[in-house]
Amino acid sequence: MANPLRSEVVRLYKNLLYLGREYPKGSEYFRDRLRSAFSRNRAEKRPQAIREMILRGSSCPESWRRFTT
C-alpha cells in the first residue's frame, strides 16, 4: 500500500525546487541541499513526523522572501 502523504511530499519537493531558482546562493547549491535533505529523511515512516516535515518545508519560501527582498 502506498503512503497517502507521498503525493504531498512530491508536490513540496517540486515546489521548493521551482522556488530554488531564486535562491541567493544559486540554484545548483539549493538543489543539492534540497536533494540531500529529502534523502536524509527518506526512511521516515511515521505519518505525524512526515506531516511536521511537510509543514516545516512549506513555511520555508516565506522566510526566503523576507530576506531576499
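The values are calculated or read from the model by the stated rules, or taken from the named source; none is laboratory data. Just so we're clear, the structure is a prediction, and the values are computed from it rather than from any experiment. Note that each Cβ is placed from the backbone with ideal geometry, even for glycine, and that neighbours are counted across all protein chains shown.
Values as computed for the structure displayed
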item	result
Residues being surrounded by 11 or more Cβ atoms within 10 Å (Cβ to Cβ) and modelled with pLDDT of 90 or more - total across segment 50-62	5
Output for segment 10-43, where each listed residue is among the acidic types (Asp, Glu) and at pLDDT 90 or above	Glu28, Asp32
Some residue of segment 10-22 being in contact with a helix residue (DSSP H, G or I) (Cβ under 8 Å, 6 or more places away or on another chain) and among the β-branched types (Val, Ile, Thr)	no
